[in-house]
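Worksheet for the structure shown next.
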Amino acid sequence: MTTKRKKVAAKNNKADSVVKVALLGFGTVGGSVARVLAASRFPGVQLTHIFNRNVDRKRSSEAAKAVPASVVWTDSIDVILRSDVDVVIELMGGLNPVEGWLRKALIAGKSVVTANKQLIAYRGTNLAKLAAQHNVHLLHGAAVAGGVPVIPGMLQGLCGDQVTRLSGIVNGTCNYILSRMEAGADYATVLADAQQLGYAESDPSADVDGYDARAKLCILSRIAMHAELDPDAVAIQTISAIEAIDFSYAKELNCTIRQVSRAELDGKIVHARVAPMLVPLVSPMAWSHGTQNMVVVSGRFGGDVVFSGHGAGGEPTAVAVVSDLLAVAQDCKTVQLPVRRREVTGDFLAPHYLRFVVDDKPGIVSAISGALSKVGANIDSLLQRRGYPKHRLPFVVTTEPCLSSTIERALASVARMDCMLERPLCLQMLEVEDKAE
């Protein structure tokens, strides 16, 4: 144990000593962390510094009323790095300049608690090694699913299993949008509502296009399956192409639609994808509405374990942050198992939902069937709802299980047909093994 680690441990053995804490970022989550600390008054833990840009504005905010008068407010990161704080809580997000700041904090012997999923997805392994070299902690339980204890549950409760598959809903914004659309709302209206409520940013691409969930999936894969994935290699698909008609057809198939993050270990390869998918109504993921998160972890020995709860919002996320802080303050250890770099593919063997919008004319279904047959894909069902004009007719084909890449080859030729008014929509359909037992 280094001098710094001994110092923290020694503080915990003295009733009159404290572990000093600095907060980087005083937005929604930062303000909630301050409120949780003020309301609970955890013994041996003291907030001493807050860093934020435009610090005067933050200092006069409503959330600042929960901050003790003794706290030092600053817009200079050097004040934090030169201080005697023991733990730095980072809630600012992004890679730069945050990564450099946290590296300096770890080297200076300060433990780090963060909710930064992009940082942990792309740099987590290297930062963990740096923390180990300096015998300090790096905890990130709030980086995935907010207040749902998925990460600590996997690290401690499931480390004895061999996890082979993950599937879940880890982006509350997309779950809010899709569950509202399931109830009849249109995408543009719900997105505007989500932005108004603070669930979605003015530029919603990180959420709706899958980048946020992809980072979280990579973190979960590293922890649960000990597989290091390149986030940029994980396939993503936007939810913005989903329309009301897709929920109508999904209902006919006893399904709904959710943004699902999936990863499955197959020898030395990991199949991974973040995309809107058809989810059977009997699946626990179909029961998740609003901003709820849900993760199903499938182990070789323990079977399926489901984590569920509120994954978005300041207070649920603050609970996870403060829980990590208390673990650091008490010098709690986590199980460390070797992680290996794995190749990743977006290919899954699964049934597929294909929605076409056409200017109807004879021979369309035959041509689509021929394109699928040419690549070895078989049609399972054909659905066509009444009431749509022939000049703009939506209909759906579902296929028997086949590889995603196989379907994509067929659709490349189908999309060039003169009758196609839109690019065909292709969604994976979750199968029996993804349902609740």
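The values are calculated or read from the model by the stated rules, or taken from the named source; none is laboratory data. Please read these numbers as outputs of a predicted model, since none were measured by experiment. Using ideal geometry, Cβ is built from the backbone for each residue, glycine included, and neighbour counts are taken over all protein chains shown. Just the protein is used for accessible areas: all its heavy atoms, side chains included, with ligands, DNA and RNA removed. Shrake-Rupley method; radii C 1.70, N 1.55, O 1.52, S 1.80 Å.
General remarks:
- Across the protein chains, with a 1.4 Å probe defining accessible surface, the residues T164, T28, T173 rank T28, T164, T173 from largest area downward.
- Two-decimal Rg/Rh across segment 129-287, once Rg and the Kirkwood Rh are taken from alpha-carbon atoms: 1.00
- Accessible area, probe 1.4 Å, largest first, for residues E62, E431: E62, E431
- Angstrom value of the Kirkwood radius, inverse mean 1/r, which spans all Cα pairs in segment 267-400: 20.1
- Estimated D of segment 372-421 in µm² per second, where Rh is the Kirkwood radius over Cα pairs and Stokes-Einstein applies at 25 °C, 0.890 mPa s: 201
- Compared with the dominant Cα axis of the chain, that is its longest principal axis, helix 211-224 is turned about 70°.
- Translational D in µm²/s for segment 82-202 (Stokes-Einstein at 4 °C, 1.567 mPa s, Kirkwood Rh from C-alpha pairs): 78
- For the chain, the 222 nm mean residue ellipticity estimated from helices alone, with every DSSP H stretch of n ≥ 4 adding -39500 (n - 2.57) and the total spread over all residues, rounds to -10000 deg cm²/dmol.
- Considering segment 14-125 at the alpha-carbon level, its Rg and Dmax are found to be 13.6, 40 Å.
- Principal axes of segment 322-395: Cα extent on each, largest first, Å: 71, 31, 17
- Taking only the Cα atoms of segment 199-254, the ratio Rg/Rh comes out at 1.11, with Rh defined as the Kirkwood radius.
- Taking every protein chain into account, the accessible area of segment 58-113 amounts to 45 square angstrom per residue (probe 1.4 Å).
- P(r) tail fraction, the chain - alpha-carbon pairs more than 40 Å apart, %: 25
- Peptides 246-256, 276-286, 338-348 ranked from most to least packed by the mean count of surrounding Cβ atoms within 10 Å: 276-286, 246-256, 338-348.
- Helix 28-40 vs. the chain, principal-axis angle (Cα, 0 to 90°, nearest 10): 50
- By average C-beta atoms within 10 angstrom, highest first, the peptides 93-105, 230-242, 117-129: 117-129, 230-242, 93-105
- The rule of thumb for compact globular proteins, 2.2 N^0.38 Å, goes into the C-alpha radius of gyration of segment 31-87 1.11 times.
- Percent carbon-and-sulfur accessible area, the chain, ignoring ligands, DNA and RNA, probe 1.4 Å: 50
- Once the Cα atoms are used to define both axes, helix 98-107 deviates from the longest principal axis of the chain by about 40 degrees.
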